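All remarks here apply to the structure that follows.
The values are calculated or read from the model by the stated rules, or taken from the named source; none is laboratory data. Since we're looking at a predicted model, the values are computed, not measured. Note that each Cβ is placed from the backbone with ideal geometry, even for glycine, and that neighbours are counted across all protein chains shown. The area values use the complete protein model at the heavy-atom level, side chains included, leaving out ligands, DNA and RNA. Shrake-Rupley method; radii C 1.70, N 1.55, O 1.52, S 1.80 Å.
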Amino acid sequence: MTNEKLELFLKSKKFNIPTKEILNLQYEVLKWLDNNALGAIIYGRPRIGKTRAIQYIAKSLRAKYGSSLPIYTINAYDHIPSINQFYTDFLIAMNHPVATKGSGAIKKERLINALLSAALDTEFRRIILFIDEAFNYREKDYNWLMHVYNELNAKDVQLTVFMVGTKELKNSKTALIHAKQQQIVGRFMVNEYEFKGISSTVDIQICLSSYDKHLENEEFNNIILTEFYFPEAYKDNMRLISCASLIMEEFTKLMAANDIDINSDIPMQYFINLINYCLKKFGKYGEGIYFPSAENWREAILESGYIATERCEIELSMSF
């Protein structure tokens with residue numbers, strides 16, 4: 001096992017740890033599914049960890065319902081609505097071998113048949129669809145999605161759609177309500193959840209606990225990150241979870257010093273960045289210190305990009 005290989009893993013999407021907010025969202029998703037909800041919108045500010053949450057929750061759903069449960073993720077993007085492209089994107093999300101050939105009508109038939117086949121291979125007769133960056137969907141996209149839902153429903157297969165995006169998605173729901181598009185809102189948007197970042201010491205403790213346990217990855221499952229990077233401290237029963245209060249204090253000091261609202265939530269992207277920086281810079285394969293200090297955590301927070309990004313957003317807001 002090389003340190004370089006582990007560092008690449010920690011920077012990849014394969015490394016995914018539960019946060020308090022992910023666990024809360026997972027509870028809501030399971031509740032919605034138990035209640036046979038048709039869909040929900042999940043929104044929050046950029047880089048907050050929504051995409052990682054989708055990945056974590058999809059994995060937990062397969063653990064609960066079985067690995068054969070059809071779960072797909074469409075990555076929406078800014079576009080001019082096209083029936084041909086809509087069905088192409090859905091087929092690509094399914095890894096269908098013939099996703100791009102044929103007209104829109106042919107692709108629709110191909111998609112419905114593929115979805116039915118996948119759903120009927122399980123006892124649940126259910127398909128779960130996540131649409132990431134769903135604020136990019138337009139009214140026509142929603143109408144085509146309803147057509148898919150209706151076709152599946154006629155065959156007694158339920159399609160549950162979770163739309164994920166920034167607060168623009170919440171605005172999209174409001175706009176559809178004003179446009180009297182109740183059939184869209186009522187079908188896919190009744191339930192909603194505002195996804196937030198890290199905002200308390202408890203949130204940090206939940207995240208750091210994953211670094212004090214064996215990694216949940218087949219290739220690296222023999223590794224405990226705290227032990228790997230701070231072996232002497234680990235032998236002395238030191239754990240990263242004990243740093244939670246220290247990290248929160250340093251965040252609060254830096255936020256106050258930079259005119260950032262201390263009640264703001266911290267996007268997960270920057271939290272992962274700061275932990276990775278600390279492990280690499282101060283751990284066994286860097287400076288080799290015994291265990292991170294307040295000064296080390298302060299440096300890691302500054303290097304994570306969080307303070308610089310927040311300052312930039314403040315300056316931009318003041319320029320208007």
For ASP212, state whether it is surrounded by fewer than 17 Cβ atoms within 10 Å (Cβ to Cβ) and modelled with pLDDT of 95 or more. yes
Which one is farthest from TRP297 (Cα to Cα), of the residues in segment 154-213 that are without any contact (Cβ under 8 Å) to a residue 12 or more places away in the chain and not in a helix (DSSP H, G or I)? LYS180
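Residue-wise test of (1) under 22 Å from the mean Cα position of the chain (by Cα); (2) surrounded by 14 or more Cβ atoms within 10 Å (Cβ to Cβ); (3) at pLDDT below 95; (4) under 21 Å from GLU287 (Cα atoms).
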| residue | (1), (2), (3), (4) |
| --- | --- |
| ILE224 | no, yes, no, yes |
| ALA233 | no, yes, no, yes |
| ASP236 | no, no, no, yes |
| THR252 | no, no, no, no |
| ILE260 | no, yes, yes, no |
| PRO267 | yes, yes, yes, no |
| ILE272 | yes, yes, yes, yes |
Any idea which of (1) more than 19 Å from the chain's Cα centre (by Cα); (2) open to solvent by 50 Å² or more (accessible area, probe 1.4 Å) is the one PHE90 doesn't satisfy? (2)
Any chance segment 59-66 includes a residue that's over 27 Å from the mean Cα position of the chain (by Cα) and either among the aromatic types (Phe, Trp, Tyr) or open to solvent by less than 30 Å² (accessible area, probe 1.4 Å) (or both)? no
THR201 within 30 Å of MET255 (Cα to Cα), at pLDDT 95 or above and more than 22 Å from the chain's Cα centre (by Cα): no
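I want to confirm something. Restricting to segment 28-52 and keeping residues that are over 16 Å from THR160 (Cβ atoms) and open to solvent by less than 10 Å² (accessible area, probe 1.4 Å), which single residue is modelled with the highest pLDDT?
Looking at the filtered set, the residue picked out is GLY44.
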Being part of a helix (DSSP H, G or I) and either loosely packed, with under 13 Cβ neighbours inside 10 Å or aromatic (Phe, Trp, Tyr) (or both) narrows it down to one residue among ALA114, ALA105, ALA119; which is it? ALA105
Candidate set: segment 67-82, residues that are more than 17 Å from the chain's Cα centre (by Cα) and open to solvent by 20 Å² or more (accessible area, probe 1.4 Å); chosen: the one farthest from SER199 (Cα to Cα): SER82
Looking at segment 14-28, I want the residues that are closer than 16 Å to GLN269 by Cβ and have a partner that is of a type in the set (Lys, Arg) and part of a helix (DSSP H, G or I) with Cβ atoms under 7 Å, at least 6 apart or on another chain. Which pairs are those? ASN16/ARG52
A careful count of residues in segment 142-174 that are under 26 Å from GLY44 (Cα atoms) and polar (S, T, N, Q) gives 6
If you go through segment 138-157 one residue at a time, how many are open to solvent by less than 20 Å² (accessible area, probe 1.4 Å) and hydroxyl-bearing (Ser, Thr, Tyr)? 1
